[in-house]
Amino acid sequence: MNILVLNAGSSSVKAAVINPATGARGLEMSADRLLDAPRIEFSDGTVIEPESKGPERTIAVCLEALKDKLSGTDIDGVGHRVVHGGEDFDRATRIDEEVEARIESLSKLAPLHNPVNLRGIRAARALFPDVDHFAIFDTAFHQSLPRRAKTYALPKELMAEHGIRRYGFHGTSHQYVAAKAASFLGAEPRDLRIISCHLGNGCSVAAIEFGRSVETSMGMTPLEGLVMGTRSGDIDPGIIDYLHEQAGLSTSEIDELLNRKSGLAGLSGVGNDMRTILDKSMAGDADCQLAVQVFTHRLRKYIGGYAAIMGGVDAIVFTGGIGENSPVIRHRASQRLHYLGAVINEDKNSTAELSETVPVVDFSMQHSRVKLLAVRTDEQLAIARQCGKLIDKADAVNTMPSIPIAVSARHIHLRQETLDVLFGKGHELSVKKWLSQPGQFAAEETVTVVGPRNSIERVRVLGPVRSKDQLEISRTDEFFLGIDAPVRESGKVEDTPGCKLIGPAGEYDLEDGVICAWRHIHMTPEDAATFGVQDRDVVEVAVSNNERALTFGNVLIRVSPKYKLEMHIDTDEGNAAEIRRGDQGVLTMTGQEGTLRKRKVSLSS
Ligand code: ADP
């Protein structure tokens, strides 16, 4: 299969033909200076310098030249990088007129990017009308940001009206390098907490907790966060008004200042190229030295912050032109991280050379609990792969069973040791009611849960006893109790908060184990084969046989021969969807990189 990957920017267009299965690259094209003196270079050495005919026509001219070059090459699909997917797009999406219109309507959020991306889409669809075109959004991977992370502290009506929230960017790269880092470490992204630092001309950090982006430094626009080539990153918003009042700058001048004249370029006075800045700082240039210091200080601040947010970190990944190639910046960013468990190996850092054959280098000490990795990003390959998966599965229209939905009330799983303290030595749970999952039961026993604000009595104990204590509560319970519990899959209780438990025989201080259960589906391996999913895939389930049609994203698959097919959600989610006994859901699609197996489902329940 061959995917043509296109990235149409305001002054340049990049294209590559990539086989998503092997990663093999065919023809590549790079066109620059579209606005004044277009120059198109192909990987076979051909250079074309067409006349500039305005941005729209010039993109079409570039693509026409590309099409000529590609005559005789089978193209199975075209993947377009699109910067802003707003609230609408949380994954790669096949483009039709409606999708085009939605991308266009998102232009107000990304006026510099979406209109030019769309120009590329329209030109390419006209030139390659017989194949499917896909949009791959920079924001999509960050759609999993929890509300607490994506919400600015502004009046909520204003934010709702104008779509103001943190969206995050560089998602394709963060997702790709997290997967690369995980496979290098012999793990899956869903088993790791990763801080990914994409340091190119644009720079951003993402906190990727067990496969999901939970924080990222770019916000509603790519201007927030780290110091970048020409962008300021974080500043006091008060400076904007101050500049307007005191320096007499208009809003568009301030925008230009913050986006194009700030960052490394603004601080160093020698442009935005980190190589030049590092060279000059070594030669004693004080401005360049300060630029490097401000750049890495900010980065370290984010790394520490994101470790705090995830309650720890397993790997810190450096990527992008600077992250991949600069030992100095990696050193400055990852020194003195011992408190996190990250210890740099200076030798490995200074000799790290990434290449096609060495895409990951570990530059941490062997005893470093947190791995420090330099990882080569490849957004074009990531785009090609996402397209390939969508094409592969496009025709897989399956009829699949619907999934019964059960609402789990708050409950607690206990270890025998805890049970002993709460109910007396050697206490055995007595069965009140067998649950649908074989062998599981609601016990007669209940406990009182005490949080910093309130307590909840009669929290049902579920049996049989387990190897870890685990209290599963809803968000509403959390606020009532005054506990801030993370969304976790069952069993993953490390670095979660605790609470006090009271039973008839005694009290027990639970050190950790309070979670808000990640909504999940239990199924057998046979069910998993039918649905085309694997244990711990993340899928989407539509519930439409009630008054409020609703789609649950981020639903975790749990596979075991012991399970019975059933989706579990908590009481808040059940209430939101007005779930009633007997309601069923429909698996619509899986959504995470590495497990993106699209299923179009036609279903009768
Ligand atoms: P983009 O975000 O445009 O894709 P890149 O990821 O290519 O950009 O990153 C460009 C940045 O990487 C530039 O600041 C460049 O100076 C920097 N860079 C590339 N190689 C090195 C190097 N060996 N040392 C330091 N910085 C480097």
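Laid out as a table, the results:
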{"read-out": "Cβ-Cβ under 8 Å pairs, at least 6 apart or on other chains, the stretch 304-323 side open to solvent by 10 Å² or more (accessible area, probe 1.4 Å), far side assigned to a helix (DSSP H, G or I) and away from the ligand (no atom under 16 Å from the Cβ)", "value": "G304/L340; I309/A149; G312/L340"}
{"read-out": "Filter result for I329 (open to solvent by less than 30 Å² (accessible area, probe 1.4 Å) and either closer than 24 Å to N201 by Cβ or more than 16 Å from the ligand (Cβ to nearest atom) (or both))", "value": "yes"}
{"read-out": "The stretch 532-586, residues that are out of contact with any strand residue (DSSP E or B) (no Cβ under 7 Å at 6 or more places or on another chain), among the charged types (D, E, K, R) and loosely packed, with under 14 Cβ neighbours inside 10 Å", "value": "E547, R548, K562, E578, R580, R581"}
{"read-out": "Strands (runs of 3 or more DSSP E) enclosed by the stretch 163-243 - at least 1 residues per element that are of a type outside the set (K, R), under 15 Å from Y306 (Cα atoms) and within 14 Å of the ligand (Cβ to nearest atom)", "value": "193-199, 203-209"}
{"read-out": "A160 being assigned to a helix (DSSP H, G or I), farther than 20 Å from A92 by Cβ and touching a strand residue (DSSP E or B) at 6+ places or on another chain (Cβ under 9 Å)", "value": "no"}
{"read-out": "Residue check, I316 over 24 Å from the mean Cα position of the chain (by Cα) and more than 13 Å from the ligand (Cβ to nearest atom)", "value": "no"}
{"read-out": "Of all residues making up the stretch 220-255, the number that are farther than 21 Å from K150 by Cα and among the acidic types (D, E)", "value": "4"}
{"read-out": "The lone exception for G219 - which of (1) open to solvent by 50 Å² or more (accessible area, probe 1.4 Å); (2) closer than 22 Å to N114 by Cα it fails", "value": "(1)"}
{"read-out": "Of all residues in the stretch 374-419 being in a strand (DSSP E or B) and open to solvent by 60 Å² or more (accessible area, probe 1.4 Å), the one that is modelled with the highest pLDDT", "value": "V407"}
{"read-out": "Options V47, V82; residue that is loosely packed, with under 15 Cβ neighbours inside 10 Å, out of contact with any Cys (no Cβ under 7 Å at 6 or more places or on another chain) and of a type in the set (A, V, I, L, M)", "value": "V47"}
{"read-out": "Residue that is farthest from the ligand (Cβ to nearest atom), among those in the stretch 244-276 that are touching an Asp or Glu at 6+ places or on another chain (Cβ under 8 Å) and outside any helix (DSSP H, G or I)", "value": "G269"}
{"read-out": "Of residues in the stretch 332-346 being assigned to a helix (DSSP H, G or I) and more than 12 Å from the ligand (Cβ to nearest atom), the one surrounded by the fewest Cβ atoms within 10 Å (Cβ to Cβ)", "value": "Y339"}
{"read-out": "Condition met for I18 (farther than 19 Å from A123 by Cβ, at pLDDT 90 or above and buried (at least 17 other Cβ atoms within 10 Å of the Cβ))", "value": "yes"}
{"read-out": "Residue in the stretch 286-298 that is away from the ligand (no atom under 15 Å from the Cβ), surrounded by fewer than 19 Cβ atoms within 10 Å (Cβ to Cβ) and small (G, A, S) present", "value": "yes"}
{"read-out": "Segments classed as strands (runs of 3 or more DSSP E), wholly inside the stretch 436-511, with at least 3 members that are under 29 Å from I403 (Cα atoms)", "value": "441-450, 455-463, 470-472"}
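The values are calculated or read from the model by the stated rules, or taken from the named source; none is laboratory data. All of these numbers come straight from a predicted model, not from anything done at the bench. In this analysis, Cβ positions are derived from the backbone assuming ideal geometry, glycine residues included, and neighbour counts consider all displayed protein chains. When the accessible area is computed, the model is the full protein with side chains, heavy atoms only, and any ligands, DNA or RNA have been set aside. Shrake-Rupley method; radii C 1.70, N 1.55, O 1.52, S 1.80 Å.
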